[in-house]
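Participant: Pasting a structure here, questions to come.
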Amino acid sequence: MKGELDTEKTNLFLKLDQTNKQEQQAIEIHKAYRDKILTPISFVDLCLQKARQTSRLNAIVTITEDVAETQSIESEKRFYIEKNIKPLDGITIAIKDNFCTKNIPTTCASEMLKDFIPTYDATVYSKLINDGACLIGKSNLDEFAMGSGTVDSIFGPTRNAWGYNGDTDWRIAGGSSGGSAVAVSTGVCVAAIGSDTGGSTRNPAALCGVVGIKPTYGLVSRYGLIPLVNSMDVPGILARNVEDATTVLNCIAGPDKLDSTTIKRDFKPIELKDIDLSNVKIGIPTEYLCEGMSKEVIDTWKFVEDLLEKEKAIMKTVSLPHTSVSIAVYSILNQCEVASNMARYDGLEFGLRTNEDYSTEELYASSRSQGFNNVVRSRIFAGNYFLLTRNYEKYFLKALKLRRLIADDFKNVFNGENCVDILLTPTTLCDAPLYGDFVSKHNRDQCAFQDYCTQPANMAGIPAVSIPIRIINTEILSKLNISLDILPPKCQELISKVATEQVALGVDCLDPIAISLQQSLQLSKNLEEEYEILKLKLKNKELQVKIDRNQRFMDDLRKELESSIESLSKQSPNPDNIQECIKQMKQKVASYEESYKKATMKFSKLSVPDSVLPKSLQTQLATLASLREEETMWRQRADDVLFTRQARDAFRRRK
C-alpha cells in the first residue's frame, strides 16, 4: 500500500484471510446456475423471502421486489439464452440508503429526505447493475450516516443477528452501515454496499462477523453518494469472504467522469493469489493498544500476530505518533464538512418543507429543525462554531495541519527506513455492545470509542479491510447470548452441533471454518432429494424425444399387425402360415420390449417415483400388454386350427 493506489500491496492486504477458507460464494452460486440446481429467478426469490423473514432485525428499509425480479429475469436470459454471463449475474446486493437509486426512495434514514426519489443512479449502483447484480433493497443506516451503531434512523435501529433474542436487550449492528452488514450476515444478499467516512463499513463488518473493505480514496466514484464528509467519504463493500468482496470491488472501481475526485488512471483488477508470507513485512502500531480496548480484542490481536509469525511473516513494531489526536482531528473536520453539506437542506429546493412560510427565516428554521434529528443538528452547530471567523484558524486550519501529520505517519511506516507492507490492528475496541449500554452514551462519545482504530485510514486516504477472526468471549453457546428458539431450525441444529463438537474437543471459540464446512454438509444432505428431481426435469426433454420416437415405432408396429391380421383372415386356415406369423410376432414383440427396457432404464437410474413418470411411458406399457394379448390370441388360433386338422385326419382314417 505504498502510494495512493498500490494494487500489489492491496492484494497482500486482502489475502490475509487466515480463517476464511470457504469457497467463494459468488462462484458457487454461478456454478449452481450452470448446473441448474438454482436459477437467478429462484435465488432472488429466496433472498427476498429471507429479507421478509428477518424484517425484525430492520436491516432493509425498502425491499425492491419488482426491481430484483426484473433484474433476475435479465440475468437468466444471459445465462441460458444469450450465453453472455456477467461477473455478478444473479448475485444479490443491498445498497445503503444514502446512495441514489433511480425511481427508488433514497431517504438517508432522515425525515428531511423521507419522500425523496432520485432521477438518476449513483455510479456504484449503475456499475453493479451493468455487471448483472440484482438489488434486493436499500439498507438501514444512522441518519445521514452520522453514527457508529445504526440506532439513529427514522426507521428504527438495526439489530445485530448475533445475540438477538426478541424484545429483550440486544446487541447493536455497528454503523453507520449496520443495515448492509446485517443483510449480508443473515443471507439476505451476497454482498452489500456501504459508505465509509471514519470506519462506517469496517465497524459493522467487525461486529456482525463479515468482511468490510474501505477502498483507497478516489478508487471508487462517490457520484450519487449523498455526502457527509467529502474529503473522507468512500463507498465500502461488505461480503461474507474476501473473494466476493474483491469481485465487487473489481466491478465498481475505476475512474468516473462524473466525479472529479476519482483517480484518473485505469483500474487494474485485483487478482488474489497465494502469498509467500516470509516476504511480507507486517507492522504492529504501538499507539493502537489504547485505553478501553477489551481483553478479548487484545487476545485476538495477539492470536493473529502469532498466527502470521508461525507462517514466517516478518513482524515489526512501528509507531504512528499522532494517533492519539486523530479522533479529535476527525471529529472537528467531520463536523465542519457536515455543516457545509447540510446547508443545502433549506426547505426550498428539495427535502422536507414545513408550512411555516410566513417568513423565510422561519421556514429555514422549522424545516431543518423537523427534518434533522438531534445528532445531525448538534454536528451542524459544532461545525458552524469551528468555522466562525474567530475560530477558523484555531480549530479548522489546525485540524487540517494535524491531518497532514497523521497522513505522513502512514507514509513513513510504508516508505521509511523500517518500512512495512501492511499494518495489523483491531477494528473495534470491543465486541458489539448491548443496545441499552450504547444509547446511554452521547453520540460523540459513541463514535470516539468505536472509530478509534478506523478513522485514521480515512484521513490518510489509504485502503483498509476488516476480516472476521473468531467470535469473541465464546467458550460455549450460552456466552454468545443467543436464544436458539428464535433462530431457524436448521440454524439451531447447525450451531448446536458445532458447539457440542468443539466443546468436546476443548476448543474455546466457534470456528468459522467448522461452521462453514458443517453448513455445506447440511445443505448437501438437504438438497440431495431435490437435486434428483431437478435432474429428471433437466433430462425430461431429451427422454421425451426418445419416448415419442418409440411411440411412433409402436404406432407403425400396430398398423403392420393390423395389416397382417387382415391378410391372414382372408387366407384358408393353415397352421404353417399361422406359426410363421406367430414367429414374426414374437420377434417384433421382443424388439419392442428391448426398446421399452432402454427407455425405462433411464428413469430407473434417476430413482424417480412412478407418480412422476411421463404419461407417454405409461401408455407404452399398456400397449405392450395389448400386444401380448394379441400374441396369445394368435397362439390360441393356431392351436384351434391344428386340433381341427388332426380331427379331420382321424376321421378320414376311420373311413
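Participant: Tally up the residues in the range 364-378 that are part of a helix (DSSP H, G or I) and open to solvent by less than 30 Å² (accessible area, probe 1.4 Å), please.
Facilitator: Of the residues in the range 364-378, 5 are part of a helix (DSSP H, G or I) and open to solvent by less than 30 Å² (accessible area, probe 1.4 Å).
Participant: What pairs come up if the first residue lies in the range 256-267 and is under 15 Å from Gly461 (Cβ atoms), the second is surrounded by fewer than 12 Cβ atoms within 10 Å (Cβ to Cβ) and at pLDDT below 95, and their beta carbons are under 6 Å apart, counting only those six or more places apart or on different chains?
Facilitator: Partner pairs satisfying both residue conditions: none exist.
Participant: Just checking, how many residues over the range 89-131 are closer than 25 Å to Gly175 by Cα, open to solvent by less than 70 Å² (accessible area, probe 1.4 Å) and in a loop (DSSP other than H, G, I, E, B)?
Facilitator: Final tally of qualifying residues: 14.
Participant: Sort out which residues of the range 314-327 are open to solvent by less than 50 Å² (accessible area, probe 1.4 Å) and of a type in the set (Val, Ile, Thr), and write them in order of number.
Facilitator: Within the range 314-327, Val318, Thr323, Ile327 qualify.
Participant: Determine if the range 143-160 includes at least one residue that is open to solvent by less than 10 Å² (accessible area, probe 1.4 Å) and in a strand (DSSP E or B).
Facilitator: no
Participant: Identify, from the list Gln551, Gln579, the residue that is open to solvent by less than 60 Å² (accessible area, probe 1.4 Å) and either within 19 Å of Glu631 (Cβ to Cβ) or modelled with pLDDT of 70 or more (or both).
Facilitator: Exactly one of Gln551, Gln579 is open to solvent by less than 60 Å² (accessible area, probe 1.4 Å) and either within 19 Å of Glu631 (Cβ to Cβ) or modelled with pLDDT of 70 or more (or both), namely Gln551.
Participant: Condition first: within 23 Å of Ala245 (Cβ to Cβ), among the hydrophobic types (A, V, I, L, M, F, W, C) and under 16 Å from the mean Cα position of the chain (by Cα). Now tell me which residues in the range 30-89 satisfy that.
Facilitator: Selection gives Ala32, Leu38, Phe43, Val44, Leu46, Cys47, Leu48, Ala51, Ala59, Ile60, Ala68, Leu88.
Participant: Out of everything in the range 290-313 that is aliphatic (A, V, I, L, M) and open to solvent by 30 Å² or more (accessible area, probe 1.4 Å), what residue ends up being farthest from Ile471 (Cα to Cα)?
Facilitator: Among those that are aliphatic (A, V, I, L, M) and open to solvent by 30 Å² or more (accessible area, probe 1.4 Å), it is Leu307.
Participant: When you go through (1) under 19 Å from the mean Cα position of the chain (by Cα); (2) farther than 17 Å from Cys430 by Cα one by one for Ala205, which number turns out not to apply?
Facilitator: Ala205 satisfies every listed condition except (2).
Participant: Tally the residues that are surrounded by fewer than 16 Cβ atoms within 10 Å (Cβ to Cβ) and among the hydrophobic types (A, V, I, L, M, F, W, C), restricting the search to the range 408-421.
Facilitator: So the answer is 1.
Participant: Just to be sure I understand the filter: pairs with C-beta atoms under 7 Å, separated by 6 or more residues or on different chains, first member in the range 333-360 and without any contact (Cβ under 8 Å) to a residue 60 or more places away in the chain, second member in a loop (DSSP other than H, G, I, E, B) and of a type in the set (A, V, I, L, M, F, W, C). Which pairs pass?
Facilitator: Once the first residue is without any contact (Cβ under 8 Å) to a residue 60 or more places away in the chain and sits in the range 333-360, its partners that are in a loop (DSSP other than H, G, I, E, B) and of a type in the set (A, V, I, L, M, F, W, C) give Ala339/Leu387.
Participant: What are the pairs with Cβ atoms under 9 angstrom where one residue, in the range 388-401, is on the phi < 0 side of the Ramachandran plot and the other, located anywhere, is surrounded by 13 or more Cβ atoms within 10 Å (Cβ to Cβ) and polar (S, T, N, Q)? Sequence gap at least six, or different chains.
Facilitator: So the pair list comes out as Ala399/Ser331.
Participant: Among the residues of the range 261-284 satisfying the criterion of being under 18 Å from Asn230 (Cα atoms) and hydroxyl-bearing (Ser, Thr, Tyr), which is surrounded by the most Cβ atoms within 10 Å (Cβ to Cβ)?
Facilitator: Within the range 261-284, the match that is surrounded by the most Cβ atoms within 10 Å (Cβ to Cβ) is Thr262.
Participant: Among the residues of the range 447-483 satisfying the criterion of being loosely packed, with under 15 Cβ neighbours inside 10 Å and in a helix (DSSP H, G or I), which is modelled with the highest pLDDT?
Facilitator: Among them, the one singled out is Ser478.
Participant: Moving on. Going through the range 422-446 one residue at a time, which ones are part of a loop (DSSP other than H, G, I, E, B), of a type outside the set (Ser, Thr, Tyr) and surrounded by 21 or more Cβ atoms within 10 Å (Cβ to Cβ)?
Facilitator: Of everything in the range 422-446, those that are part of a loop (DSSP other than H, G, I, E, B), of a type outside the set (Ser, Thr, Tyr) and surrounded by 21 or more Cβ atoms within 10 Å (Cβ to Cβ) turn out to be Pro426, Ala432, Pro433.
The values are calculated or read from the model by the stated rules, or taken from the named source; none is laboratory data. On a predicted model such as this, the values are computed, not experimentally measured, just so you know. Cβ coordinates were reconstructed from backbone atoms using ideal geometry, including for glycine residues, and neighbour counts include every protein chain displayed. When the accessible area is computed, the model is the full protein with side chains, heavy atoms only, and any ligands, DNA or RNA have been set aside. Shrake-Rupley method; radii C 1.70, N 1.55, O 1.52, S 1.80 Å.
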